[in-house]
1. Which ones in the stretch 333-352 are closer than 14 Å to residue 292 by Cβ and buried (at least 20 other Cβ atoms within 10 Å of the Cβ)?
2. Have a look at 677, 681 and point out the one that is surrounded by 11 or more Cβ atoms within 10 Å (Cβ to Cβ), on the phi < 0 side of the Ramachandran plot and not assigned by TED's automatic domain parsing to the domain that holds residue 71.
3. List the number of the failed condition for residue 531; all other conditions in (1) more than 17 Å from residue 378 (Cβ to Cβ); (2) touching a strand residue (DSSP E or B) at 6+ places or on another chain (Cβ under 9 Å) hold.
4. For the stretch 224-268, which positions are more than 21 Å from the chain's Cα centre (by Cα), within 16 Å of residue 355 (Cα to Cα) and among the aliphatic types (A, V, I, L, M)?
5. Can you pull out every residue in the stretch 463-480 that is modelled with pLDDT of 90 or more, crowded, with 19+ Cβ neighbours inside 10 Å and part of a loop (DSSP other than H, G, I, E, B)?
6. Tally time: how many residues in the stretch 334-376 are within 25 Å of residue 303 (Cβ to Cβ) and either of a type in the set (Val, Ile, Thr) or in a helix (DSSP H, G or I) (or both)?
7. Kindly evaluate residue 495 against the criterion of being at pLDDT below 75 and under 18 Å from residue 464 (Cα atoms).
8. Residue 113 - would you say it is of a type in the set (D, E, K, R) and within 15 Å of residue 12 (Cβ to Cβ)?
Amino acid sequence: MKVFVSNVDSPVGHNLSRLFSQTAAGQRSHHEEPEEDEDEDAEKPKDDKPKEHYTVVGTLSDSAPNDSFPPRQPGSMVETGDRRKDAARRLAIEKYAVKGTKPKWVAEVVSKDDRAALKQILLDSDVIVYDIVACLDEATWAIEMLTEEAERFADSPKTFIALSSVMTWAKTKLDPDDPEAFLAEDEYRRRKPHPNFKAHLALEKTIVKAGKKSALHTYVVAAGLIYHTADSIFHYMFKVAWHNEDLPCYGDGENVMPTIYVDDLCSIIVETAESAPESRYLLAIDDSKHTLFEITKAVSDALGTGKVVKMPKEAALLNKHLPQMDYDMLLLTLRLEPGHVKDMSIQWKYESGLIENLQSFIEEYKYARGLTSLNIIVHGPPASGKSALAARLAEHYEIHHLDVDKVVEEAIARLERRAEGNLAADEADDDVDADRDLLEELKEAARANNGRYPEEHVIGFVREKLRSMPCRNQGYVFDGFPTIIEEARELFKSGDDEGEEKPTTRMDETIAPHHVISLDISDDVIKERMMRLPESQVVGTKNSEEALTRRLEEYRAQNTDESTVLNFFDEAEVHPVVVSTEANSLDQVLAIVTKQVGPPHNYGPTQERLAEERKLADEARAKELSAAEEERLKRERDEEERQSKAVAEWNARLEEVRKQEQEVLEAQSVPLRNYLMKFVMPTLTSGLIEVCKARPEDPIDYLAEFLFKHNPTAV
């Protein structure tokens with residue numbers, strides 16, 4: 001059997017087409033996630049008859065991915081050896097939809113613009129599923145076309161399922177005298193839509209009416225607010241919380257929102273296609289009756305700071321990441337009670353709602369997007385460049401740069417603030433006295449130990465920092481701590497080791513490092529580098545000659561082949577990477593480390609950041625082009641000046657040659673002029689005078705006769 005699904009590259013279309021492709025036509029098969037103890041090699045019973053699975057065809061979304069702002073790609077698969085976690089991560093990545101990409105289980109996609117091809121593929125399909133929220137005009141055309149062609153498939157009836165939204169119920173009145181009143185599914189005939197969903201309600205009615213023909217079975221599935229690991233209506237909450245910011249709650253947050261998880265929605269649609277229920281209108285919502293504030297607070301507690309800031313509804317319009325449709329849905333207040341879906345034989349995943357299953361969903365959300373913490377420890381001798389490398393790694397991977405001294409300072413400052421009675425809004429005051437006692441104990445110990453705090457308290461502060469939500473979300477790069485095996489064992493000890501007499505190398509997975517970078521450099525090179533620094537940067541610091549020598553001796557004593565802290569990590573199978581900083585610059589070391597660690601584990605650049613980078617790149621290219629154009633014009637001007645100068649020089653030389661030639665000619669003509677003046681000109685002048693006096697008819701002949709007669713050389 002063939003099933004058509006609109007927008008197979010959308011989160012709903014992607015997962016719905018996946019479920020259809022795994023479902024045997026006529027017999028629903030549930031695909032559970034592999035259990036931890038499941039034996040993949042065990043033989044499974046085989047059916048006598050092979051089952052025919054649905055062949056999925058469909059369309060892609062209207063908007064193609066923008067090359068300037070590529071769509072968010074799913075996270076990369078990293079094998080951990082834990083079969084349950086690896087299977088869950090692989091499944092989450094597989095279920096993540098990428099706009100403009102055809103899923104591998106979809107046999108064919110057809111262009112929405114080619115209505116002839118689209119019509120043929122709809123007529124060839126046994127089941128047709130349209131998301132009318134995303135494809136309103138196309139779905140309207142499709143149901144009208146199928147209604148007209150209904151007689152052609154009288155022998156093989158088709159099923160048309162329209163995925164709609166509970167927004168067509170948004171303005172339906174409840175009993176004002178009963179604050180706990182709800183709307184039942186069978187009251188769908190009196191539903192009143194949100195102003196922006198009036199066209200959707202009209203199409204719902206058209207679809208239900210079209211199902212009265214025996215050759216066309218039509219259903220409308222009105223879904224609650226759909227959440228999934230892609231950019232769902234609640235995505236902004238998870239992103240803000242993951243970045244450790246306070247979550248906004250628009251309005252008073254008391255509006256009840258019907259919701260449903262995308263997997264449960266897909267199961268309802270497939271079950272509708274398979275079982276052909278009597279009711280033509282179904283509400284696809286879970287059992288939850290959560291308010292916007294309850295959901296926001298739960299997400300903040302589980303993933304962020306735990307703080308929620310109530311803001312006016314109008315402030316949501318300023319959130320550029322919140323489309324108008326999501327804004328309308330987010331402020332929806334609607335109490336609905338599901339009907340026929342409760343009787344379906346589907347395996348719900350999050351039937352009780354988002355809050356009750358939040359930890360499971362967050363895990364899937366992180367797996368799908370590759371949002372795992374990245375924990376790095378930079379180890380090495382004093383003044384070896386640990387801090388500079390750690391700062392660059394923190395910037396590159398957008399994780400938190402930790403220094404043990406600063407961590408302790410922050411902890412002491414917090415104790416002092418609480419001891420003074422300055423409690424934060426989310427802090428309890430029942431342990432203030434204990435904090436005061438601890439602060440006094442720490443100060444007394446520091447006075448007796450040259451300003452150093454007890455080691456167990458330092459490790460406690462560091463451990464608390466590593467367990468904080470920012471470090472658990474993004475990760476950390478620790479600069480030069482721990483320094484000895486005992487510190488590492490105490491800092492990263494697993495909860496399973498409590499009470500054990502023999503120490504182990506098992507580490508707490510939530511805070512354990514994923515990479516350990518050890519910088520290798522000799523003491524002589526370190527001292528030589530320090531000597532090159534200005535005296536003002538060295539004298540009186542821990543890098544002065546005396547202090548540095550003492551610190552290097554202490555480091556070498558703690559890091560022999562047998563006692564180095566690197567052995568602890570090596571035994572815990574976090575194998576250190578040794579990088580030489582003698583022959584490599586900081587940029588070269590960074591390149592080596594990032595190649596070893598791999599790509600970042602965070603959200604990646606936002607569209608705003610991509611736009612800014614693109615703008616900067618465009619400006620840089622424009623500057624390069626402008627500079628190149630200026631250089632070209634300069635070269636042309638220089639060439640013109642050179643040519644003008646060359647022409648001028650040529651003309652000057654040519655004039656000089658002409659002048660010299662004239663002088664030569666004049667010099668050569670002097671004897672000739674003398675000859676003419678002496679022997680020719682007197683007689684010729686007299687002849688010309690006589691011609692003028694006589695004015696003969698033939699002056700030339702007269703002149704010739706005159707010259708012949710008066711030739712001074714004639715005999």
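1. 334
2. Sole residue among the options that is surrounded by 11 or more Cβ atoms within 10 Å (Cβ to Cβ), on the phi < 0 side of the Ramachandran plot and not assigned by TED's automatic domain parsing to the domain that holds residue 71: 681.
3. Exception for residue 531: condition (2).
4. Selection gives 225, 226, 256, 257, 260, 262.
5. 474
6. Counting residues in the stretch 334-376 that are within 25 Å of residue 303 (Cβ to Cβ) and either of a type in the set (Val, Ile, Thr) or in a helix (DSSP H, G or I) (or both) gives 17.
7. Yes, satisfied.
8. no
The values are calculated or read from the model by the stated rules, or taken from the named source; none is laboratory data. Nothing here was measured: the structure is a model prediction, and the numbers come from that model. Neighbour counts are summed over all protein chains in view; Cβ atoms, including those assigned to glycine, are modelled from backbone coordinates with ideal geometry.
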